[in-house]
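**Student:** Below you will find the structure I want to go over with you.
The values are calculated or read from the model by the stated rules, or taken from the named source; none is laboratory data. Treat the numbers as computed from the prediction; the structure is a model and nothing was measured. Every residue, glycine as well, gets a Cβ built from its backbone with ideal geometry; the counts of neighbours run over all protein chains shown. What goes into the accessible areas is simple: the full protein's heavy atoms, side chains included, and nothing from ligands, DNA or RNA. Shrake-Rupley method; radii C 1.70, N 1.55, O 1.52, S 1.80 Å.
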Amino acid sequence: KQANDCFEKARRYADPAQAEAIAHLIRYYQTGEYAEWVAFGTAWVQNDATVDFDNGFIEVYRDARGAKGSSQSFVTITDKPVTTAMKKLAENAAYFERKAPWEDKYKLTSFKLPVVKAVETLIETGDFSVTTIGDNLPNENEIHEKYGSKNFLFTGSSRALDQATGKTAAAEFAAGPAEVERNAKYGTEAEDLMTALHEVIGHGSGKMSERVSGGAQPFLKEYFSTLEEGRADLMALWNAWDPKLKELGLISNQEEVAKAMYDNAAAVALLQLRRIPRGDTVEEDHERDRQLIAHYIADKVPGSIEQFTRDGKTYVRVADYQKMRQGVGMLLAELMRIKAEGDYDAIKALVDKYGVHFDPALRDQILARYKKLKLPTYFAGINAHLTASLGKNGEVEKVEIHYWDNPAAQYLDYGAMYDKGLEDSLAAH
């Protein structure tokens, strides 16, 4: 009810297409009818408003069954100059599809261009973290196969995280001076390009077999999200070397940016262990996909990725970038086949072998090294706080923006929307 009250107000300021999407979302929350959720997604994905949003029980990563979504919401403003550059990727989706390393029968031949937008974030709440730097929606296959998808690149989050963490982690965990120097010069560009290729080219690629035409998720079950995130990551890694990126003006020094991207993809299986302080298994889908990629390639293509010890510390390096790309192509082709055919046994075997288990002693070493850097493992975001001044007729005359200086005040402010008794606590902040 609280959300619907806000959506009713927002409809008055929305353009007609966005107002239609909001109306369907309101009815969905009132009725719980899945058809209204699909109608919302269909209207939403075709609308490219400058002030955009999403809201709902969207991502299923926290459910081991991959079925139950958790509530999330964001509101964004389009960064038009960066968006113009990203649209070049979307306009060349057919080219990248033709160059994909999987069988022709799994390649799309007709395209509904995705909506692509680089955005500054006004607010993100619920199960939507400041560490989310890219998002491709909607998840419903019945919508995006017919109407395309909408891709958000959260440039503000990328910039904030990059400035907050600096280069100390790269210096500690890089395999050698060349990687440190490359990361300093091209690491941010490589991460941004990886996100763009992942969201714009990765998720929207590939064609299902007739058996799986309704979507692969019912067939691949709890492994679907790991596969899909891995497939999108691999599409980014595969295309990092393609000369089309240089032709489109989307990459500076292609050799070095691509190498920086591969350095990150190889080392992340080691670095992400800092997020798993207990046990010996990886549970989160993105983390599983990254583990799968690095370990599969190291195993299947000897001389591509190497793990070694120096002065009692463990490192990972790319021994041969083109051999690693060979492994990228091998795994990408197999993941596309698995998705297109709904081959549950194959994805289960791959993920269980390469994406789940790790050595707890190695994790303990990574945790100890990371702790010395005095960097947080997790981040919370402080959102913009907007205050509208209204005229006599209720129209918005101006909007002022400020930021709470600590997260507790922000959460008390949100809580006060539902419990007025929290307003006194907020005043104390």
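**Student:** Considering only 153, 100, 119, whose Cα is most displaced toward the positive end of the charge dipole of region 100-162, charges sitting on Cβ of Lys, Arg (+1) and Asp, Glu (-1)?
**Tutor:** 100
**Student:** Continuing with this model, one more query. Per residue, how much accessible area does the chain have with a 1.4 Å probe, in Å²?
**Tutor:** For the chain, the per-residue accessible area is 48 Å².
**Student:** Now, a different point. Expressed as a rounded percentage, what relative contact order does the chain have, with Cα pairs under 8 Å and six or more residues apart? Numbers along the way, then the final one.
**Tutor:** Values: 659 pairs, mean separation 58.1, N = 429.
About 14 percent, as a whole number.
**Student:** Let me ask something additional. If you place +1 on the Cβ of every Lys and Arg and -1 on the Cβ of every Asp and Glu, how big does the dipole about the Cα centre of the chain come out, in debye to the nearest 20?
**Tutor:** Here the chain has a charge dipole of around 760 debye.
**Student:** Putting +1 on Lys and Arg Cβ atoms and -1 on Asp and Glu Cβ atoms, find which of 356, 143, 29 reaches farthest to the positive end of the dipole of the chain.
**Tutor:** 356
**Student:** For region 305-429, give the magnitude of the charge dipole about the Cα centre (Cβ charges: +1 Lys/Arg, -1 Asp/Glu; no others), in debye to the nearest 20.
**Tutor:** With only Lys, Arg, Asp and Glu charged at Cβ, the dipole is about 780 debye.
**Student:** Can you check what the net charge comes to around residue 119, using other residues whose Cβ is under 15 Å from the Cβ of residue 119 (Lys, Arg +1; Asp, Glu -1)? List each step's numbers first, then the result.
**Tutor:** Details: positive: 80, 87, 117, 150, 159; negative: 48, 52, 54, 79, 120, 124, 135, 192, 199.
With Lys, Arg at +1 and Asp, Glu at -1, the neighbours total -4.
**Student:** How high is the relative contact order of region 363-429, in percent, counting Cα pairs under 8 Å that sit 6 or more residues apart?
**Tutor:** In percent, rounded to a whole number, it is 21.
**Student:** Identify which of the listed values of Cα extents along the principal axes in Å was calculated from the structure shown: (1) 117, 51, 45; (2) 85, 48, 41; (3) 71, 53, 42.
**Tutor:** Answer by label: (3).
**Student:** A further question on this structure: Which sequence of 198, 295 reflects their accessible areas, 1.4 Å probe, from the largest down? Present the calculation step by step, with values, prior to reporting the outcome.
**Tutor:** Working: 198 15, 295 70 Å².
Descending order: 295, 198.
**Student:** I'd like the accessible area for residue 124: 1.4 Å probe, protein heavy atoms, all chains in place, Å² to the nearest 10.
**Tutor:** Solvent-accessible area, nearest 10 Å²: 20 Å².
**Student:** If you don't mind, another one. Compare 246, 339 by solvent-accessible area with a 1.4 Å probe and give them largest first, with all protein chains kept in place.
**Tutor:** On the way: 246 110, 339 15 Å².
The ordering from most to least exposed comes out as 246, 339.
**Student:** A follow-up question, please. Does a label point 7 Å from the Cα of residue 110, set along Cα-to-beta-carbon, have any residues of region 316-359 with amide nitrogen under 11 Å, and which are they?
**Tutor:** No residue qualifies, since no backbone N sits under 11 Å from the label point.
**Student:** So, by mean Cβ neighbours within 10 angstrom, what's the order for 96-102, 259-265 with the highest one leading?
**Tutor:** Per-residue mean Cβ counts within 10 Å order the peptides as 259-265, 96-102.
**Student:** Would any residue of region 67-82 have its amide N under 19 Å from a label point 7 Å out along Cα→Cβ of residue 398? List them or say none.
**Tutor:** Those under the cut-off are none; the list is empty.
**Student:** Then there is this: Near residue 64, within a Cβ-to-Cβ distance under 9 Å, what is the net charge of the other residues, with Lys and Arg +1 and Asp and Glu -1?
**Tutor:** Within the 9 Å Cβ shell, the charges total -1.
**Student:** Let me ask you something else. Out of 333, 346, 276, whose Cα points farthest toward the positive end of the dipole of region 238-379 (charges: +1 Lys, Arg; -1 Asp, Glu; placed on Cβ)?
**Tutor:** Comparing the listed Cα positions along the dipole, 276 ranks first.
**Student:** What is the list of residues in region 133-159 whose amide nitrogen lies under 16 Å from a point 7 angstrom out from the Cα of residue 253, following Cα to Cβ?
**Tutor:** Within reach of a label on residue 253, which here means backbone N under 16 Å from a point 7 Å along Cα→Cβ, region 133-159 contributes nothing.
**Student:** Give the separation of the Cα centroids, region 17-74 to region 242-286, in Å.
**Tutor:** Between the Cα centre of region 17-74 and that of region 242-286, the gap is 30 Å.
**Student:** Given +1 on the Cβ of Lys and Arg, -1 on the Cβ of Asp and Glu, and no further charges, what dipole in debye does region 1-132 carry about its Cα centre, rounded to the nearest 20?
**Tutor:** 260
**Student:** At a 10 angstrom cut-off on C-beta neighbours, averaged per residue, how do the peptides 35-41, 112-118 rank from highest to lowest?
**Tutor:** Ranking the peptides 35-41, 112-118 by packing returns 112-118, 35-41.
**Student:** Another question, if that's okay. Add +1 for every Lys or Arg and -1 for every Asp or Glu among the other residues with Cβ under 9 Å from the Cβ of residue 337, and state the total.
**Tutor:** Details: positive: 339; negative: 103, 334, 341, 343.
Charge balance near residue 337 sits at -3.
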